[in-house]
Structures are given as structure tokens and as C-alpha cells.
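Handing you a structure now.
The values are calculated or read from the model by the stated rules, or taken from the named source; none is laboratory data. Values in this document were obtained by computation on a predicted structure and should not be read as measured data. FYI the Cβ positions are ideal-geometry reconstructions off the backbone, even for glycines, and counts take in every protein chain you see. The protein model used for the area step is the full one, side chains on, heavy atoms only, and it has no ligands, DNA or RNA in it. Shrake-Rupley method; radii C 1.70, N 1.55, O 1.52, S 1.80 Å.
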Amino acid sequence: MEKTVLSVENLWISIRQDKPVVQDISFAICQGTVLGIVGESGSGKTMLCKAILGLLQHQSSVAVTGRVLVNGKDILKISARELQSMRGNEIGVIMQNPMTAFNPLIKIGGHIIETLMAHRTISKQEAYATGIAMLKKMNLPRPEEIMNSYSCSLSGGMLQRIMAAIAMASSPAVLIADEPTTALDVKNQALLLDEIEKIKNEEKPGIVLVSHDLAVIARIADEVAVMKAGKIVEQGQIYQVFEEPVHSYTKELLSARLMGGRRVRC
Ligand SMILES: Nc1ncnc2c1ncn2[C@@H]1O[C@H](COP(=O)(O)OP(=O)(O)OP(=O)(O)O)[C@@H](O)[C@H]1O
Ligand SMILES: [Mg+2]
């Protein structure tokens, strides 16, 4: 039996005392397993990811209750300092917009070396060599050139794969990917999904993958949770939920995708 790396228990999130945007969400993810999260816009998917990353509990306007256990440690209870270290070491993240994730004034090599040196006791030269190896592993061509480039000269698809490589630099137990393919064209979507699949099979983190695209979820995820208005309305093994959906909202999502050539987003 694989180890549970992420466990979310009875998570509630409210902003400025309004109606909760996440309501009583619970799930657990084992090593090497991908949980896909789908749901309409505004259903709370990003807020859930932010809570797992520990980005919400220190905000005065946000109330978060419940538990978010990463390798058994409750993200919601630890100090800001411990959180900082966990975010780099035990939780990796691939964000939606690769263009804003990189400082445009720092070369990609600078980003990679800084991340590696923050997590490992290695020299700058060793970090450079490791960076090159990481980029090669992600099938990125001409890694030396990439190390020497600024983000503005690389495509969104390449930046997204570089972000995946950086996210995995410290072999985190949990990887959060919130709509990682949304800003990419079809070819780059496929390349990034190849990389995520490789990460899943080789490094085996527990992965939370949020996507509007049911085809993305169907390709990568083992389990799926369907969110609506802050709640998980249906959750199970991917084949089970996609082949025999029980909740009317899940049926609606699936038929929207199957019926309308244009309605591929839920
Ligand atoms: N900073 C904020 N202040 C107030 N309300 C917010 C804030 N951020 C998000 N919300 C609200 O929280 C709810 C959940 O938003 P969230 O971004 O998690 O949705 P989502 O499922 O990720 O949507 P999308 O698919 O469009 O990315 C929404 O009703 C949104 O309006
Ligand atoms: Mg979102």
C-alpha cells in the first residue's frame, strides 16, 4: 500500500465572512497518484490549491479551518518559516501563467540555480550542472541556451516545462498544478502532460491537477473530484466517475464535452 502524502480533512474557507467558498472538503492522495479536480469557474478549485500551499491562513480577510496534512504535518498549523521551507521542499507548484512566474530580469539559469542552492548544499557549479540535467530530463532542447535566456525570449510551453522541472528540483512529496495547460496550445499541452506523466511515474509525488479540460484529466488522473459551489459533489476512480457518473452536475459536465464541438470547457 502506497503512503498517503496529502490529506485534506474537513476544509472550510471563507473570505471576509461571506458564504464559504470551500465547504467541508476532504480527500487523501497517495504517493504516485494524481487527483484531478474539475468544476465550473468560481467553484473554489484555486482557493483549495492555495490552502494546500499554505497561502491563505496568514491572510487576515480569510478564515480557514480543517486540516491539510502534507507528509503528516498540518500546513494550517505550522509557522510562516516552517511553511516557507515546506513549500520549497515538500510541496511543488506549477502555476497557470508561466509568463508571470519568472522574474523577467533574471535569467532562467539564475532561477534554477537559486532554487537548487536553497534546497541542497551544493556549489554554484554543481547547481548549474544539475540544472542542465533537469532540463534535459524534461526533454528541453539546448539546455545551455535556456539557462542563459530570459523568460521573455522563451515560449509559454517551454516556460511551463521549466516550471515543472523547478517544481521537482527538491523531489517534493506533493505537486500542485492549477490549470497548468490552460495557457498553452495543443502541442505544448501534450508536451507538458508528457512531463507530468513522467514525473508521476518516476518521482511519484502525490499530484493535484486542476483542469477545465476533461480530456487532460482523463489522460493523467487516477481519481477525480468534481467541485460545484465550494463542495465536492462527486469523487472516485476516474473510469468509474467518467463512465458511470452519479451526480447530475457530473453528467452535465460530461455531456457538455461530448455534445458540443465547441463546449470542451466545463
Ligand atoms: N481575493 C478574493 N476575494 C474575494 N473573493 C474571492 C477572492 N478570490 C476568490 N474569490 C471567490 O472565491 C470563489 C472561488 O474562487 P476560485 O478562484 O477558487 O474558483 P475556481 O474554481 O478556481 O475558478 P476558475 O475555474 O475560474 O479558476 C469565487 O466565488 C471567487 O469569487
Ligand atoms: Mg482557478
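Quick check on my filter: what residues within segment 167-183 are open to solvent by 10 Å² or more (accessible area, probe 1.4 Å) and within 16 Å of ligand 2 (Cβ to nearest atom)?
Matches in segment 167-183: Asp178, Glu179, Thr182, Ala183.
Only one of (1) surrounded by fewer than 17 Cβ atoms within 10 Å (Cβ to Cβ); (2) touching a residue at least 40 places away in the same chain (Cβ under 8 Å); (3) farther than 17 Å from Val174 by Cβ fails for Arg67. Which number is that?
(3)
I'd like the full set of residues that are open to solvent by 10 Å² or more (accessible area, probe 1.4 Å), at negative phi and within 9 Å of ligand 1 (Cβ to nearest atom), limited to segment 29-43.
Of all residues in segment 29-43, those open to solvent by 10 Å² or more (accessible area, probe 1.4 Å) come to 30-33, 40-42.
Those still in the list that are at negative phi too: 30-31, 33, 40-41.
Within segment 29-43, Glu40, Ser41 meet the criteria.
Taking only segment 53-94 into account, find how many residues are small (Gly, Ala, Ser), within 25 Å of Ala165 (Cβ to Cβ) and in the same structural domain as Gln160 (by TED's automatic domain parsing). Please lay out each step first, then the result.
Just the residues of segment 53-94 that are small (Gly, Ala, Ser), to begin with: 54, 60-61, 63, 66, 72, 79-80, 85, 88, 92.
Checking the rest, the ones that are also within 25 Å of Ala165 (Cβ to Cβ) come to 54, 85, 88, 92.
Next, only the ones that are in the same structural domain as Gln160 (by TED's automatic domain parsing) stay: 85, 88, 92.
Total meeting the criteria: 3.
When the residues of segment 48-64 are narrowed to those that are among the aliphatic types (A, V, I, L, M) and in contact (Cβ under 8 Å) with a residue 40 or more places away in the chain, which ends up most open to solvent (accessible area, probe 1.4 Å)?
Filtering segment 48-64 for residues among the aliphatic types (A, V, I, L, M) gives 48, 51-53, 55-56, 62-64.
Right, trim to in contact (Cβ under 8 Å) with a residue 40 or more places away in the chain and you get 48, 51-53, 56, 62-64.
Numbers: Leu48: 1, Ala51: 1, Ile52: 0, Leu53: 17, Leu56: 5, Val62: 18, Ala63: 55, Val64: 33 Å².
The qualifying residue most open to solvent (accessible area, probe 1.4 Å) is Ala63.
OK, next. Tell me, yes or no, whether segment 115-129 has at least one residue that is closer than 27 Å to Thr250 by Cβ and either at pLDDT 95 or above or not assigned by TED's automatic domain parsing to the domain that holds Gln237 (or both). Working first, answer last.
Quick first cut of segment 115-129, residues closer than 27 Å to Thr250 by Cβ only: none.
No, the conditions are met nowhere in segment 115-129.
A further question on this structure: Yes or no: Gly72 open to solvent by less than 70 Å² (accessible area, probe 1.4 Å), at pLDDT below 95 and touching a Lys or Arg at 6+ places or on another chain (Cβ under 7 Å)? Talk me through it step by step, then tell me what you get.
On the way: open to solvent by less than 70 Å² (accessible area, probe 1.4 Å): yes; at pLDDT below 95: yes; touching a Lys or Arg at 6+ places or on another chain (Cβ under 7 Å): no.
So Gly72 does not fit the description; no.
Can Ile112 be described as part of a strand (DSSP E or B) and open to solvent by less than 50 Å² (accessible area, probe 1.4 Å)? First the steps, then the outcome.
Working: part of a strand (DSSP E or B): no; open to solvent by less than 50 Å² (accessible area, probe 1.4 Å): yes.
In short, no.
Related question: For segment 1-14, give me each residue that is open to solvent by 40 Å² or more (accessible area, probe 1.4 Å) and at pLDDT 95 or above. Spell out the reasoning first.
If we filter segment 1-14 for residues that are open to solvent by 40 Å² or more (accessible area, probe 1.4 Å), which is where we start, we get 1-4, 9-10, 12.
Matches in segment 1-14: Thr4, Glu9, Asn10, Trp12.
Can you tell me which residues in segment 148-166 are open to solvent by 10 Å² or more (accessible area, probe 1.4 Å) and touching a residue at least 12 places away in the same chain (Cβ under 8 Å)? Full working, then the answer.
Taking segment 148-166 as the starting set, the residues that turn out to be open to solvent by 10 Å² or more (accessible area, probe 1.4 Å) are 148-150, 152-156, 158, 161, 163, 166.
Answer for segment 148-166, where residues must be open to solvent by 10 Å² or more (accessible area, probe 1.4 Å) and touching a residue at least 12 places away in the same chain (Cβ under 8 Å): Asn148, Ser149, Tyr150, Cys152, Leu154, Ser155, Gly156, Met158, Arg161, Met163, Ile166.
Any residue at all in segment 19-29 that's of a type in the set (Asp, Glu) and at pLDDT below 95?
Of all residues in segment 19-29, those of a type in the set (Asp, Glu) come to 24.
Add one more test, that the residue is at pLDDT below 95, and what stays is none.
No, segment 19-29 contains no residue that is of a type in the set (Asp, Glu) and at pLDDT below 95.
State which residue is surrounded by the most Cβ atoms within 10 Å (Cβ to Cβ) when the search covers only segment 197-238 and only residues that are free of Cβ contacts under 8 Å to residues at least 40 places away in the same chain and more than 30 Å from Lys137 (Cβ to Cβ).
In this case the residue turns out to be Glu234.
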